[in-house]
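The values are calculated or read from the model by the stated rules, or taken from the named source; none is laboratory data. It should be emphasised that the depicted structure is a prediction, and the values quoted were computed from it without experimental measurement. Ideal geometry is used to build each Cβ from the backbone, glycine not excepted, and the neighbour counts take in all protein chains shown. Calculation scope for accessible area: heavy atoms of the full protein, side chains included, ligands and nucleic acids excluded. Shrake-Rupley method; radii C 1.70, N 1.55, O 1.52, S 1.80 Å.
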Amino acid sequence: MKKLVIFDMDGTIADTSPGIMASYRHVAIELGHQLPSNEDLSTVIGGSLPANLQRVYNLHNNEVKKAVEIYRDYYSREGYNKSSPYNGVKDAVIELKKYNCTLAVATMKAETFAVKLMNEWGLSNYFSYIYGVDTNDSISKPDMIFKCMSNSRISNHNTIMVGDSPQDLKAAEMCKTDFLAVTYGFQYTKKECLSNNIPFVTDAKSISKYIINLMENEGL
């Protein structure tokens with residue numbers, strides 16, 4: 001029985017790429033670096049912000065904090081509102097709630113932005129937990145998954161993580177939960193999922209169909 005469904009945000013619940021990429025480019029301008037291309041930024045979404053900024057701009061350790069501050073300042077003013085939920089996400093969420101699933105978000109986005117966006121999209125009332133990184137970037141995605149399971153008192157055997165990236169899969173594996181990939185997001189493709197035997201859906205509305213079918217096949 002899959003009672004706890006944990007969603008990644010960027011690339012799973014919503015297309016947040018315009019705001020994220022604009023914020024990365026703003027960092028480049030402020031720090032005097034060359035503007036990165038879309039290809040340069042193709043792997044930054046969903047990962048650790050400090051680590052990604054350091055890698056993209058080859059920053060020294062003592063430069064990372066300043067880059068993060070510049071990014072989050074711009075994102076809070078300009079970037080966060082350049083995003084929208086994928087078609088079918090709300091339908092999937094409503095359907096899962098009909099089956100009494102507990103829903104949660106685990107995202108590498110700052111938690112303050114995650115909560116704000118979920119409120120603005122009209123989705124927060126469906127979710128029991130919305131977890132993101134803190135101001136010190138000290139919490140990992142596995143930490144968030146464990147926190148969701150602990151607070152909901154639902155075991156890893158009754159939990160599934162839904163995400164669009166190998167980082168999401170790795171977090172699920174570390175927490176010993178099931179995983180469902182989405183191929184409409186930023187990283188996983190249908191071909192890659194088929195090659196690696198990763199369960200997947202190609203549109204957001206199918207998330208609920210997959211999970212409900214999984215539950216029914218387990219005798220519920």
Top-ranked residue of the range 122-136 - restricted to ones that are in a loop (DSSP other than H, G, I, E, B), modelled with pLDDT of 95 or more and not small (Gly, Ala, Ser), ranked as most open to solvent (accessible area, probe 1.4 Å): 127
Among the residues of the range 137-151, write down those that are open to solvent by 50 Å² or more (accessible area, probe 1.4 Å) and not polar (S, T, N, Q). 143, 146, 147
Which residue is modelled with the lowest pLDDT, if the candidates are limited to the range 47-69 and must be open to solvent by 20 Å² or more (accessible area, probe 1.4 Å) and among the small types (Gly, Ala, Ser)? 48
If we keep only residues of the range 168-183 that are in contact with a strand residue (DSSP E or B) (Cβ under 8 Å, 6 or more places away or on another chain) and part of a helix (DSSP H, G or I), then the residue surrounded by the most Cβ atoms within 10 Å (Cβ to Cβ) is 168
Unique match (being open to solvent by 10 Å² or more (accessible area, probe 1.4 Å), within 20 Å of residue 98 (Cα to Cα) and among the hydrophobic types (A, V, I, L, M, F, W, C)) among 212, 198, 207: 212
Please enumerate the residues belonging to the range 21-45 that are of a type in the set (Val, Ile, Thr), without any contact (Cβ under 8 Å) to a residue 60 or more places away in the chain and crowded, with 16+ Cβ neighbours inside 10 Å. 27, 44
Does the range 88-102 contain any residue that is of a type in the set (Lys, Arg), more than 17 Å from the chain's Cα centre (by Cα) and part of a loop (DSSP other than H, G, I, E, B)? no
Just to be sure, is residue 186 touching a residue at least 24 places away in the same chain (Cβ under 8 Å), outside any helix (DSSP H, G or I), within 16 Å of the chain's Cα centre (by Cα) and within 28 Å of residue 67 (Cβ to Cβ)? yes
